[in-house]
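**Student:** Sending over a structure as structure tokens; questions will come in a sec.
The values are calculated or read from the model by the stated rules, or taken from the named source; none is laboratory data. Keep in mind that this is a model prediction, so the values were computed, not measured. Note: ideal-geometry Cβ built from the backbone for every residue, glycine included; neighbour counts use all protein chains shown.
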Amino acid sequence: MAAENEKTLFDMDANKYTIKKTSKVGTVLVYIGLLFWTFINLFPIYWMFTFSLKNNKEIFGENVAGLPKHWLWSNYSSAMKTGHMATYFVNSIIVTVATIIITLIAALMATYAITRLVWKLSKSVNAFFMLGLTIPIHASIVPIYVTLSRIRMLNTYWALIIPYAAFSLAMGILICSGFMGDIPKDLDEAARIDGCGVWGIFIRIIVPLMRPALATIGIYTFLQCWNELMFANVFNSKDQLKTLPVGIQALSGQYTTNWGPIGAALVIATFPTLFAYIFLSRKIQESFIAGAVKG
Amino acid sequence: MKKVLATLLAAALVLSCVGCGKSGSAKSGEKISLDMWCIATESDSNRPAYEKAIADVTAAHPEIEFTWETFENQAYKTKIKAAVAADEMPDIFFTWSCAFLGDFVAANRVYCLDDALAKWKNELPEVMLGNTTYDGKHYGVPTTMNIVGMFANMDILASVGYTEVPGTYDEFIECCDKLVAAGIIPFGCAGKETWCVTEYLEPIIEKSIGADALNDIFLGKATWNNPDVAEAVDKFQAMVTKGYFDPEGIALSNDEVKANFIAGKYAFYMNGTWNCADFANDPDGFGAKVKVSEFPVINSGAAKLGQLIGGPSDTLAVAASSPHAAEAADFAFELGRLICHYGYLDGNGLPAWTPYGDTSGINDLTKAVSDICANADSYVLFGDTAQSADDANTYLSYVEKVYGCEIDGAGFIEGLANDIR
Amino acid sequence: MNKKVINNINIIAFLLPAMILFIGVLIAPILLSGYYSLFDWNGFGAKTFIGFSNYVELFTSDAIGFIKALCNSLLLAGLSVFVQLPFSLGLALVLGRSIRGERGFLSVFFMPVLISTVVIGQLWLKIYNPSYGILNVFLTRIGLESWTRIWLGTKETALGACFVPTLWQYVGYHMLLMYAGVKSVSPDLREAAKIDGATNGQVNRYIVIPCIKPIIKVSVIFAITGSLKSFDLIYVLTNGGPLHATEVPSTLMIDMLFLRNRYGMGSTIAVMLIVLCFAFALLINKLFKEEA
């Protein structure tokens, strides 16, 4: 149901209204502006790619912005070997995916209780969760560290997954409420008459229909935890558990004056995501937009 | 399907918790496991010394299962403090001496090393332990000591007619003026890391007011409100305004500035003597061009040559919470002694321990530093290590303001006298 | 009766995972921070109760410079609301008109959102590098050598230099949110206005923008709380320097917690941040309600 709604956002193009009155000059100016902004967005990425393949001589003067003259793939092998970028990438994925799964389960269950079950405090509880939207993640670093160490979870993936999931929860519930609101209550009623309990309704009716929410929550959660630096730095000290932001910071400390390997690390950290985005851009945008419209 | 997934995940969560809970105590076989944190990352010049020392000590102690982890300097400060707050320190940890370790000692988180030290007394001069002694008890194993050295690129000095580093302050200023006139930048200093600025400022203050006066200020025995300090700070600031310092330095990190010095961009570079090895081992033969000396005396009424900034700061300490603290203490001493030994051979600074073995292969720069220290009159520890964390950072922010010409000497002493204590 | 009990048990069971996460990781640490903010404490030694002295010192001490840091983040918030959001809105309106290449532009503009902040920070560090950075090199090449600066090292330019990548990165984020709104405006409504002779600008002003007000509200809240919370990018670019010119509350807090060993004061800043974010969220909600 929700999926259909999303599609219409783009498919409305069919009966769109067209630019009739705008003058040619105006249109040209608009395009120049758009192309300029495209350039501003793409150029840093292009420049990052080119300097990841150059030596300092080229970067520092001979050939600042052009394609590399000698493609120096060894920068990549240093980033992989000394920088362990592959490990960090995998770690980031593990942490992010696990966070998404946990956020999703917790948010779905909580939203179900808040929007579908009838009880007095449901509104207050919802407001309580929404507090999470405004809390800065760094504010609670030491208390969380102490707690994690008490329950012996430091230096495990959980040390990041659990706090990340907690901080993504508010957004998750917000999005879920939007999606769940689209599921007609009659379905619950029908299922109840068929003898389903609340759990049965939740698992057989709600969860399958909430599939579109999965992508949306996934994207918002990804944006939150893929970037996170402070917790990742403090809660995990083992090299084999570090995530990308920490790894890149460490590597840039090691290669302050040798830009090539840093560039390579930045590319390794960025391009897989960008490629995935290019192939899935429509889907990703739709899901992102769904979050905005529903939220 | 979802239900199965959820159940599996919940099970995994519970299992992993249980697993984590066990791993702390389960390995109580015959082997003792010891863990260490330090800052000898792969790019750190101390790295080879740590590796060799660890290889030796672990070979001598097959009963100990030793693991170690390294962190980048700034990240480490965050890390170790969070660990101390949670009482989750590793058995052995790297620390800076004086106030940094002092806070941990005051919180009873550090194991007293007096018993373990007895065995090593002969090889570890008491004077090297002063910075890690609190209330008469010893809490740290010093490894290397370092002072601030003034490194000079003799090729550049030769281009303006000098074959030696000028020995008096007036000659020194004259030399800098000549360099500026010739379009050469005299100094490089990383403004992004304020401790680098103190490597210039502290020797200038010390050579103006004398070592004892500066030490008393750092240790809180005398006030910052001292017009002689203001005058010294003004001298330093005059160097900045006269263009002795690379203006780009303010946005650079120390590594970048150091690379510029090696590339021949600056005539002088004042920094810790741990740099000796990197200069001496430079593949392009930079070592042959460099000389190290101390900053000339500015006011001979109060200061004299041989009054240096520095001292033993790099330290290993043992956590009071370690289940094998006694073994960890012995291990730390053996390790510290070897790190010191190998570090000295590599040229990473001077030994805090009495040197042994063949030291003839040490690079000339380190030997020169050795000679300077042999004639030392007194040492004042780096200001950011000597003062407590809060004071040190207030101090650093005022140093930064001086370097940025926001305040002058008078503002410096007045502000510090107000904001510290 | 029995049914009600079961219902309650079910509600609790459904809420349990979220509640445990939320209270354990967010609420409890914040209450703890509030408690610690009343102490002079270095994080591991003995605590001394000092009441609200930390709060007083925070707002009165020049040495800490909290007011300056707060002003910086409010300035960022202001720029975000009055420059970044209108720009995003402009893009959304233009692209929402279904022009040629709409999807391509949309995809490209959203790209920076997906790049890790640390990567963006490292990349812009290189762009701003005084000797070799592309910005200064570019200025020199086109003959504007006098415009070159030590962007991140000069007090006057550092703050601006930190804001540019921050604003740049999230233009796409807000644009896509607003684009969604623009697209969901009923085409009939637009068509009707057009027939009445409204220009594109008038359609936007009187039809589209009022329709997407709720989305603009969300964007404003995100932009302001995001600015108050901003940390990663500034930490990578300048870490508050030079001369505290780019200090924001979060960098100050980390400084207090981990460099100065002033755990009590760090907690005080944390509490202030939460209070501020919350207050702004309420304020914006109220403003939008009054207008509507």
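**Student:** Select from the range A:157-187 the residues that are part of a helix (DSSP H, G or I), under 16 Å from A:Thr115 (Cβ atoms) and of a type in the set (Val, Ile, Thr) and write down the one among them that is nearest to the other protein chains (Cβ to nearest Cβ).
**Tutor:** A:Ile173
**Student:** Working carefully through the options C:Leu282, C:Leu273, C:Leu257, find the one that is out of contact with any strand residue (DSSP E or B) (no Cβ under 8 Å at 6 or more places or on another chain), under 22 Å from B:Val399 (Cα atoms) and either within 11 Å of chain A (Cβ to nearest Cβ) or in contact (Cβ under 8 Å) with a residue 24 or more places away in the chain (or both).
**Tutor:** Values: C:Leu282 fails: under 22 Å from B:Val399 (Cα atoms); C:Leu273 fails: under 22 Å from B:Val399 (Cα atoms).
Just one listed residue meets the conditions, C:Leu257.
**Student:** Follow-up question, since we're still on this one. Out of curiosity, is C:Phe288 under 15 Å from A:Ile137 (Cα atoms), hydrophobic (A, V, I, L, M, F, W, C) and surrounded by fewer than 22 Cβ atoms within 10 Å (Cβ to Cβ)? Break it down stepwise before answering.
**Tutor:** Numbers: under 15 Å from A:Ile137 (Cα atoms): no; hydrophobic (A, V, I, L, M, F, W, C): yes; surrounded by fewer than 22 Cβ atoms within 10 Å (Cβ to Cβ): yes.
Considered against the rule, which asks whether it is under 15 Å from A:Ile137 (Cα atoms), hydrophobic (A, V, I, L, M, F, W, C) and surrounded by fewer than 22 Cβ atoms within 10 Å (Cβ to Cβ), C:Phe288 comes out as no.
**Student:** If you don't mind, there's one more thing I want to ask. Scan the range B:191-240 residue by residue and report those that are β-branched (Val, Ile, Thr) and buried (at least 17 other Cβ atoms within 10 Å of the Cβ).
**Tutor:** Going through the range B:191-240, the residues β-branched (Val, Ile, Thr) turn out to be B:194, B:197-198, B:204-205, B:209, B:217, B:223, B:229, B:233, B:240.
If the condition is that a residue be β-branched (Val, Ile, Thr) and buried (at least 17 other Cβ atoms within 10 Å of the Cβ), then B:Thr194, B:Val197, B:Thr198, B:Ile204, B:Ile205, B:Ile209, B:Ile217, B:Val229, B:Val233, B:Val240 are the ones that fit.
**Student:** Given the residues B:Asp255, B:Asp246, which is the only one that is closer than 24 Å to B:Val402 by Cα, more than 23 Å from the chain's Cα centre (by Cα), acidic (Asp, Glu) and within 14 Å of chain C (Cβ to nearest Cβ)?
**Tutor:** Matching residue, one of B:Asp255, B:Asp246: B:Asp246.
**Student:** With respect to A:Asn56, is the statement that it is without any contact (Cβ under 8 Å) to a residue 12 or more places away in the chain, surrounded by 13 or more Cβ atoms within 10 Å (Cβ to Cβ), farther than 30 Å from A:Ala159 by Cα and within 11 Å of chain C (Cβ to nearest Cβ) true?
**Tutor:** Numbers: without any contact (Cβ under 8 Å) to a residue 12 or more places away in the chain: no; surrounded by 13 or more Cβ atoms within 10 Å (Cβ to Cβ): yes; farther than 30 Å from A:Ala159 by Cα: yes; within 11 Å of chain C (Cβ to nearest Cβ): yes.
Judged against the criteria, A:Asn56 is not a match.
**Student:** Looking at the range C:165-186, is at least one residue at the interface with another protein chain (Cβ under 10 Å from one of its Cβ atoms), more than 20 Å from A:Ser252 (Cβ to Cβ) and assigned to a loop (DSSP other than H, G, I, E, B)?
**Tutor:** yes
**Student:** What number of residues within the range A:255-269 are crowded, with 23+ Cβ neighbours inside 10 Å and not hydrophobic (A, V, I, L, M, F, W, C)?
**Tutor:** 3
**Student:** Next question. Residues B:Phe279, B:Phe261, B:Phe268, B:Phe295: which one is surrounded by 20 or more Cβ atoms within 10 Å (Cβ to Cβ), in contact with a strand residue (DSSP E or B) (Cβ under 8 Å, 6 or more places away or on another chain) and assigned to a loop (DSSP other than H, G, I, E, B)? Step through it out loud before you land on a result.
**Tutor:** Numbers: B:Phe279 fails: assigned to a loop (DSSP other than H, G, I, E, B); B:Phe261 fails: assigned to a loop (DSSP other than H, G, I, E, B); B:Phe268 fails: assigned to a loop (DSSP other than H, G, I, E, B).
Sole residue among the options that is surrounded by 20 or more Cβ atoms within 10 Å (Cβ to Cβ), in contact with a strand residue (DSSP E or B) (Cβ under 8 Å, 6 or more places away or on another chain) and assigned to a loop (DSSP other than H, G, I, E, B): B:Phe295.
**Student:** Taking the condition within 24 Å of C:Ala270 (Cα to Cα), at pLDDT 85 or above and within 9 Å of chain C (Cβ to nearest Cβ), does A:Ile135 pass? Working first, answer last.
**Tutor:** Working: within 24 Å of C:Ala270 (Cα to Cα): yes; at pLDDT 85 or above: no; within 9 Å of chain C (Cβ to nearest Cβ): yes.
Against the criterion (within 24 Å of C:Ala270 (Cα to Cα), at pLDDT 85 or above and within 9 Å of chain C (Cβ to nearest Cβ)), A:Ile135 does not qualify.
Table: residues versus (1) part of a loop (DSSP other than H, G, I, E, B); (2) among the charged types (D, E, K, R); (3) within 9 Å of chain A (Cβ to nearest Cβ); (4) surrounded by fewer than 21 Cβ atoms within 10 Å (Cβ to Cβ).
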position: C:Asp188; (1), (2), (3), (4): no, yes, yes, yes
position: C:Arg205; (1), (2), (3), (4): no, yes, no, yes
position: C:Ile215; (1), (2), (3), (4): no, no, yes, no
position: C:Met253; (1), (2), (3), (4): no, no, yes, no
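**Student:** Please return the ranges of helices (runs of 4 or more DSSP H) entirely within the range B:371-421 where 3 or more residues are aliphatic (A, V, I, L, M). Spell out how you get there, then give the answer.
**Tutor:** Numbers: elements: B:383-386, B:389-403, B:409-419.
In the range B:371-421, B:389-403, B:409-419 are the helices (runs of 4 or more DSSP H) which contain 3 or more residues that are aliphatic (A, V, I, L, M).
**Student:** In the range C:131-164, what residues are outside any helix (DSSP H, G or I) and within 14 Å of chain B (Cβ to nearest Cβ)? Spell out how you get there, then give the answer.
**Tutor:** So the first thing to find is which residues in the range C:131-164 are outside any helix (DSSP H, G or I), and the list is C:131-133, C:142-144, C:148-154.
The answer is C:Ser131, C:Tyr132, C:Gly133, C:Thr148, C:Arg149, C:Ile150, C:Trp151, C:Leu152, C:Gly153, C:Thr154.
**Student:** Identify, from the list B:Ile372, B:Ile339, B:Ile407, B:Ile362, the residue that is of a type outside the set (S, T, N, Q) and within 14 Å of another protein chain (Cβ to nearest Cβ). Talk me through it step by step, then tell me what you get.
**Tutor:** Working: B:Ile372 fails: within 14 Å of another protein chain (Cβ to nearest Cβ); B:Ile339 fails: within 14 Å of another protein chain (Cβ to nearest Cβ); B:Ile362 fails: within 14 Å of another protein chain (Cβ to nearest Cβ).
Going through B:Ile372, B:Ile339, B:Ile407, B:Ile362 in turn, just one is of a type outside the set (S, T, N, Q) and within 14 Å of another protein chain (Cβ to nearest Cβ): B:Ile407.
**Student:** Name the pairs: first residue in the range B:241-266 and of a type in the set (Val, Ile, Thr), second residue surrounded by fewer than 20 Cβ atoms within 10 Å (Cβ to Cβ) and not in a loop (DSSP other than H, G, I, E, B), Cβ to Cβ under 6 Å, at least 6 apart or on different chains?
**Tutor:** B:Ile262/B:Phe286
**Student:** If you don't mind, another one. Applying the selection to the range C:256-270, what residues are in a helix (DSSP H, G or I) and surrounded by fewer than 22 Cβ atoms within 10 Å (Cβ to Cβ)? Step through it out loud before you land on a result.
**Tutor:** Taking the range C:256-270 first, the residues in a helix (DSSP H, G or I) are C:256-259, C:263-270.
Result: C:Leu259, single match.
**Student:** How about the range A:84-113: which of its residues are touching a Lys or Arg at 6+ places or on another chain (Cβ under 8 Å) and crowded, with 20+ Cβ neighbours inside 10 Å? Please lay out each step first, then the result.
**Tutor:** Within the range A:84-113, the subset touching a Lys or Arg at 6+ places or on another chain (Cβ under 8 Å) is A:84, A:87-88, A:91.
Across the range A:84-113, the qualifying residues are A:Tyr88, A:Asn91.
**Student:** State whether the residues of the range A:22-29 include one that is at pLDDT below 50 and either charged (D, E, K, R) or in contact with a Cys (Cβ under 7 Å, 6 or more places away or on another chain) (or both).
**Tutor:** In the first step, residues of the range A:22-29 are kept if they are at pLDDT below 50; the result is none.
Checked against the condition, which is being at pLDDT below 50 and either charged (D, E, K, R) or in contact with a Cys (Cβ under 7 Å, 6 or more places away or on another chain) (or both), the range A:22-29 yields no hits at all.
**Student:** Before we move on, is B:Asn348 crowded, with 24+ Cβ neighbours inside 10 Å, touching a residue at least 60 places away in the same chain (Cβ under 8 Å) and of a type in the set (S, T, N, Q)?
**Tutor:** Details: crowded, with 24+ Cβ neighbours inside 10 Å: yes; touching a residue at least 60 places away in the same chain (Cβ under 8 Å): yes; of a type in the set (S, T, N, Q): yes.
Here the answer is yes, as B:Asn348 does meet what is asked.
**Student:** Can you tell me which residue within the range C:219-249, out of those that are at the interface with chain A (Cβ under 9 Å from one of its Cβ atoms) and more than 12 Å from the chain's Cα centre (by Cα), is modelled with the highest pLDDT?
**Tutor:** Only one residue tops the list, namely C:Pro249.
To keep it simple, each residue is scored yes or no on (1) at the interface with chain A (Cβ under 9 Å from one of its Cβ atoms); (2) surrounded by fewer than 20 Cβ atoms within 10 Å (Cβ to Cβ).
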position: C:Leu15; (1), (2): yes, no
position: C:Leu26; (1), (2): yes, no
position: C:Cys71; (1), (2): no, yes
position: C:Ser88; (1), (2): no, no
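**Student:** Further, regarding this structure: If you check B:Glu231 against the conditions, is it without any contact (Cβ under 8 Å) to a residue 24 or more places away in the chain and touching a Gly at 6+ places or on another chain (Cβ under 8 Å)? Give the steps one after another, and end with the answer.
**Tutor:** On the way: without any contact (Cβ under 8 Å) to a residue 24 or more places away in the chain: no; touching a Gly at 6+ places or on another chain (Cβ under 8 Å): yes.
Judged against the criteria, B:Glu231 is not a match.
**Student:** State which residue is surrounded by the most Cβ atoms within 10 Å (Cβ to Cβ) when the search covers only the range C:115-130 and only residues that are touching a residue at least 12 places away in the same chain (Cβ under 8 Å) and within 10 Å of chain B (Cβ to nearest Cβ).
**Tutor:** C:Tyr128
**Student:** Check off (1) in contact (Cβ under 8 Å) with a residue 12 or more places away in the chain; (2) out of contact with any Lys or Arg (no Cβ under 7 Å at 6 or more places or on another chain); (3) among the β-branched types (Val, Ile, Thr) for B:Thr78 and give me the number that stays unchecked.
**Tutor:** (1)
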